[in-house]
Structures are given as C-alpha cells and as structure tokens.
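The values are calculated or read from the model by the stated rules, or taken from the named source; none is laboratory data. Keep in mind that what you see is a predicted model, and the values were worked out from it rather than measured. No Cβ is skipped: glycine too gets one built from the backbone with ideal geometry, and neighbour counts run over all protein chains shown.
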Amino acid sequence: MSAPAPAPAAEGDAPPKKSKLKLILIGVLVLVLAGGGGGAFLLMSKKKAKADDEHAEEAAPQQISVPKVPPTFLALESVVVNLADAGGERMIQLGITLQISDAKVADQVKVYMPRIRNDVIRLVSQRTTVDLLHPEGKEKLSAAILRAVGEPLGLVNDDEDTEEEDDSPKNKKKKKKAAKAPSPIQAVLFSSFIIQ
C-alpha cells in the first residue's frame, strides 16, 4: 500500500502564511521609509528656514536701533478765512494739527503761536477754492504751512521759500550745501477742511 498523498488543503495553507508575512514586512518597511522621509523633510525644512532667516538678516541693511519716541501733536485753533475767489464769497474753516518730534519743540512752537496763526491765515487767504479742492492743492498748502511753522524757529532755508525751481548747476550746489537735518516738525495734519 502506498502512502496516501497529502491533502491539497494542507499545502494551500502554507503559501498564504508566507504571503501575509511578506505583506506585513512590506507594510512595515513602507511605514519606516515614510516616517524617515517625513522626518528628513521636516529636518531639512527647518534647516532651510533657519538659513533663509540668517540670509535675510545678512541682506537687510544694518540699522542703528533708536528708541522710538511717540510724536507730540499740537492742535492750532481752527481758523475761518475768506478765500481768494472772485467776489470773495467763499471761505474755508480749517483745523490744523502739527505732528512734532518731541514736547520740547512743541513748547518752542507755542511761543511763536501768534505769528504762526497769522502766517497760516495769510497763506490760506491767497488760495482759491479750485486750488484747495484738488489733492495737489492740499499738499502744497500743507508744505507752505510747514515752512511757515518752521520759519520762526529757524528750521527753514531761504532757498526753500521760493516756489520757482532753478535747476542751474550753481543753484544745485547751494542746495546740497544748505541741506539740514530733518525738521522736528514732521507733518501738518488737517483735522477739519470745510469750504463754504
């Protein structure tokens, strides 16, 4: 009698165990590789971000850190002025606030306030409605008021008072020589601007 042949069912069970083991090993290997790749990506992105920050710091111009002092604001009394329109029927109510670098300069400006108000009224009364309705006209008025405020304090060059531009080489040299430090009167701000 010959030995009975093994049952085909017994042989069929062995290959699926190897197949499951291979799948598990492949899955673990994929997870390890994915985890390693993700970790490497995070590490590289952190290094790149750090290098970019260092590069940005090197590329940025070196600035001396000056403690920031908040500006002082000095409000002038509102003025009502007739404009230079034909017939003299138009007027403006104007509220002005000066932005000044510090309180000491604000105290100096207060000493000259009657002269400053007079100069502002004279400047505004020379403008027309058409001049003041355009943004350029407001900018010109603001610059003229800035000069008027700086003049009694000695902050305005004589060359700045002329509105005509002289581009001759001789005049350009004078302007370069006459350059001064930035004015402590930083801006003229309009708190009200009503034309009637």
Practice problem: Residues being surrounded by 14 or more Cβ atoms within 10 Å (Cβ to Cβ), of a type in the set (Val, Ile, Thr) and out of contact with any strand residue (DSSP E or B) (no Cβ under 6 Å at 6 or more places or on another chain): count how many of those fall in the range 110-123. | Solution: 2
Quiz item: (1) touching a residue at least 12 places away in the same chain (Cβ under 8 Å); (2) in a loop (DSSP other than H, G, I, E, B); (3) surrounded by fewer than 15 Cβ atoms within 10 Å (Cβ to Cβ): which one isn't true of Ala86, the others all being true?
Solution: (1)
Self-check item: Filter result (outside any helix (DSSP H, G or I) and farther than 17 Å from Val79 by Cα) within the range 94-122
Solution: Gln99, Ile100, Ser101, Asp102
Self-check item: Counted residues, the range 89-107 - those being within 23 Å of Pro71 (Cβ to Cβ) and either surrounded by fewer than 17 Cβ atoms within 10 Å (Cβ to Cβ) or among the charged types (D, E, K, R) (or both)
Solution: 8
Self-check item: Single residue of the range 124-156 satisfying the filter (surrounded by fewer than 16 Cβ atoms within 10 Å (Cβ to Cβ) and aliphatic (A, V, I, L, M)) that is farthest from Ile185 (Cα to Cα)
Solution: Val130
Quiz item: Looking at Leu33, is it within 54 Å of the chain's Cα centre (by Cα), part of a helix (DSSP H, G or I), at pLDDT 65 or above and not acidic (Asp, Glu)?
Solution: yes
